[in-house]
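Colleague: Sharing a structure below in C-alpha cells format, with a few things to ask.
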Amino acid sequence: MIAEAAQHAEVAVHGMEWTVKELFTYPNEFIYWTIQIVMYPFLTGLVAGAFVLSSLYHVFGQDDLKDIAKFSLLFSFALLLVAPMPLLFHLQQPQRNWEVMLTPHFTSAIAAFGMVFSVYMAIVASEIWFVYRKFFVERVNELKNKEGLGNAILKLIYTILTLGVFDVSERALHKDERAVKMLAGIGIPVACFLHGYAGFIFGSVKANALWMTPLMPVIFIMSAIVSGIALCLLTYIVIMEWQKFQITRHGRRSWHMSADEVKGAEIDMVRKVSKYLIGFLVAAITLELLDLIFRGYTAVKSWDILRSVIYGKDFFNIFVLQYSIGNLVPFVLLLLPGLTVKRTVLATLLVLFGVFMMRWNVVIGGQAFSLTFAGYMHYHLPIIPHDAETFKEGLFGALLMGGLPFVFFWIFNKIIPSLKYK
Amino acid sequence: MKFTRRDFLTTAAKGALITALPAGAIKFLGPDEVRADIDSSGKVRWAFLVDTFKCVGCGLCVKACKNENETPYGAPVTRTWVERYIIKKNGEMLADTPLGARDGFTDNKVRGDEVDPKDIGKAFFVPKLCNQCDSPPCVQVCPVGATYQVGDGVVLVDRSWCIGCGYCIMACPYGVRFFHPVHKVAEKCNFCYHRITKGMQTACVDACPFGARKIGNLKDPEDPVTKIVLTERVGVLKSEYGTKPQVYYLGLDENVR
Ligand code: SF4
Ligand code: SF4
C-alpha cells in the first residue's frame, strides 16, 4: 500500500523513505524524528558529562582527576560546538533556525535552547580562558623573539587569546583560580540543566506514551555523565598510547616523561576515573529500571502496546544491546580486579555504545508504535544516501556529527595542548 | 494564507509602537491581547460535528479536501481521513484507512485479508480531522510560535515562519499533523479557514453527500451544531490528554482510536 503510494506520489513525503508501517496506523504517522535526534541528546550528553568530569577536580578538589580535568574541559568545548548541529540538520527549513533565538515561544521546551546553550557556551569558554590564560601569555612571550611567518601567526592567535590581559602575577593567577572554581561550580548545574532539558523535550510530550515521564530529565542527566566520562577516559587513553608510541619511536626528547612513566600515570588515571564511571553507571541503570518497573506495575492504557514494543519488537535493542552489552558487560569488566588499559578501552567503548542505544531506544522506540495503540512503525536507517535528505538523516549524516567533535578537538589541541600543559 | 501571523504581529507591533511612543513607552502585546486583537468579537468558536451513523466511507470528503487544500493527491498524507472499524463477533477489532480512504472503502478486505461478513458483529466509519483543541499541545510546543491559535478557536500554521522541527507533529495525540510534501513545513486541517471566514462551508462538509460532517459556531445558540452538542450525547476523541478537542462525534464507539 505504502509502496504503491510512493509510486504515485508526485513529491516525497518526509518520513516515508525510512518508515515501514504495520497494522493500523494513522495516515500521517511516520518516523519524523530520526537518527539526528538520537545524535542530539547523545552529543549534549557527552558535553555535560565531560564538563562534570572536569568540574569534579576544579570544584570538589578531586586531585586524582587533575590531568584529565583540563583535557576534558577542552573536549567538552569541542563537543559543545557540534551539539546543536544535529538539530539543525534535521530541520525542514534549516535556514530559518535563527527564529528560535529571535522569536522564541517560551511555552516550548525547544525555545529555551538558544539561551541555555549560549549561557553554557559562555561559561565553558571563559573557564577555558581562565585555566589557560597564563599559558597564552607565556606563549606570546616565547614567540616574541622568534622569526618566520608561522610564528608570527601563532603569536597573533595567542595575543588575541590573552584578550589583552598580560598580568601573570601571583595575585592575578590566584584570582584566576578562584574564577575557574566559580565557573566550574556554576557550570555543573547549567550542564545538568542543558542536558536535563534535552530530557524534558521528550519527557514533556504527553502524546507519546513512552517519552512521557518526569524521570526522563534525570535519566538523561545520569546517562549523560556516564557517557561523558567514558568518552573522556577513552580519548585520554588513545592520546596517552599515541604519546607512548611517539616516545619509543623518537626517544625521550619529544616528551618530558619516559614511556614507562607515561604508562604508570595512565593506568593510575584509568583506575581512578573508572571508579567514578561505575558509580554513575549504577545510578543511571537504577533510574531506568525504576521507570520500566513503574510502567509495568501501573499498567495504564498504553502499557499493552508499550509492553509489546519493549519486550517484543525492541527486545533485542533494549535488553541485549543496551542493558547487556552496553551496561552489564562493561560494568563487570570495570569491576573485576586488576583493571588493565585494554579492558578499560573495551569497557568505555561498550558504555558509549550502551548510552547511544539508550538514546536510540528512546527516540526511535518512542515512535515504534502508533498513536492508535493498534499498529507499529519500523525505522530503516538510510545507509547509502541518494539525496540530501537520506544523507542528512542517514548513517553518514550521523557519522559526520559523531566525527566533528574530534576534528574540532584536534584543532583546538594544536593551540591549547590540553594534555602536555601542567 | 495571505495574512500571516508575522504580518499581523509586525502590524500590531507597529501600531502599538505608534500609539505608545507618544506616551514614551513601548507596549508589548501578550498572547491574550494578540488573540483578542485577531477576533475581538468573541462571538465565534468554530467547532465540528461528525455523525458517524451517517458516514458510509465513500471518501469524497478526503478527495475534496486534497483538492481544496492542495495536498499532493498521490501522497499518503492528508488533512482529513476516514477510518473503518470492524469488530468481529469474537471481539477482535480490525481497523484501517488505506491512503486515508481517499478512494473510499469498496471491498471487504482489510490490509489484503478478506473479512467474512458473517463474522462481523459491528462495523462503522469514523472521519477524522484536526480537533482545533481548546488547549492545543501543538501550539504549546512550537519553539517559534509558527503554530498559533486564533480567537475563534482555529489553530493555524504560518508557512513562512515554521522551521520544520516537527515538535508539533510529535505533540499532537491525534496524528493529524505532517510535513507538507511541497512546502516542507508543518501542515494540518484548519477547518478550511479561508472558506469559513468568508461564510462558506468547509470543502469536506460540502462534499459529503450524507451530511455526516457539519461545521458550526458554538457561541451561537441557534447554530444547528451547537444545538446538537448541547442537547444530544456527543463524544470527543482522547479526552484523557487534556487537549479539550472541539470535534464532536455522534455514535462514538469505545473501539475508536
Ligand atoms: S488535533 Fe492536534 S493539531 Fe489539531 S489542535 Fe489538537 S493537538 Fe493541535
Ligand atoms: S514544525 Fe513548524 S509549526 Fe511545528 S513546532 Fe516546528 S516550527 Fe512550529
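Colleague: How would you classify segment A:210-363 from its alpha-carbon gyration tensor, with a ≥ b ≥ c the square roots of the eigenvalues: rounded for a/c under 1.5, else prolate if a/b is greater than b/c, otherwise oblate?
Modeller: Since a/c reaches 1.5 and a/b is larger than b/c, the shape of segment A:210-363 is classed as prolate.
Colleague: Over what distance in Å are the Cα centres of segment B:210-234 and segment A:265-343 separated?
Modeller: Here the answer is 54 Å between Cα centres.
Colleague: If you don't mind, there's one more thing I want to ask. Note down the accessible area of A:W303, probe 1.4 Å, to the nearest 10 Å².
Modeller: That residue has around 20 Å² of solvent-accessible surface.
Colleague: How shielded is B:76-85 by partner chains, expressed as the average number of their Cβ atoms within 10 Å of its Cβ atoms?
Modeller: 4
Colleague: How well do other chains shield peptide A:198-205, expressed as the mean number of their Cβ atoms within 10 Å of each residue Cβ?
Modeller: 2
Colleague: Protein chains only, probe 1.4 Å: how do A:F406, A:F113 rank by accessible area, largest first?
Modeller: A:F406, A:F113
Colleague: To the nearest 10 Å², what's B:E114's accessible area with a 1.4 Å probe?
Modeller: Its heavy atoms expose roughly 120 Å² to the probe.
Colleague: When the convex hull of the C-alpha atoms of the protein assembly as shown is computed, what volume per residue in Å³ does it have?
Modeller: It is 198 Å³ per residue.
Colleague: Find the relative contact order for segment B:137-187 and round it to a whole percent, using C-alpha pairs within less than 8 Å whose residues are 6+ positions apart.
Modeller: 33 percent
Colleague: Too long at a 30 Å Cα-Cα cut-off: which of B:K184/B:K238; A:K134/A:K392; A:K134/A:K342; A:K301/B:K88?
Modeller: Among B:K184/B:K238; A:K134/A:K392; A:K134/A:K342; A:K301/B:K88, the Cα-Cα distance tops 30 Å for A:K134/A:K392; A:K134/A:K342.
Colleague: Also, quick follow-up: Rounded to whole Å and sorted largest first, what semi-axes of the equivalent ellipsoid does the C-alpha gyration tensor of segment B:137-187 yield via the square root of 5 times each eigenvalue?
Modeller: 15, 13, 10
Colleague: Let me confirm one metric for peptide B:145-153, namely the mean number of other chain beta-carbon atoms within 10 Å of its residues' beta-carbons.
Modeller: If you average over the peptide's residues, the count of other-chain Cβ atoms is 2.
Colleague: While we're on this one: Rounded to the nearest 10 Å², what accessible area does B:L218 show when all protein chains are kept and the probe is 1.4 Å?
Modeller: Probe radius 1.4 Å; accessible area of B:L218 about 50 Å².
The values are calculated or read from the model by the stated rules, or taken from the named source; none is laboratory data. Since we're looking at a predicted model, the values are computed, not measured. Quick reminder, even Gly has a Cβ in these numbers, built from the backbone with ideal geometry, and neighbours come from all protein chains shown. In case anyone asks, the SASA skips ligands and DNA or RNA and just uses the protein heavy atoms, side chains included. Shrake-Rupley method; radii C 1.70, N 1.55, O 1.52, S 1.80 Å.
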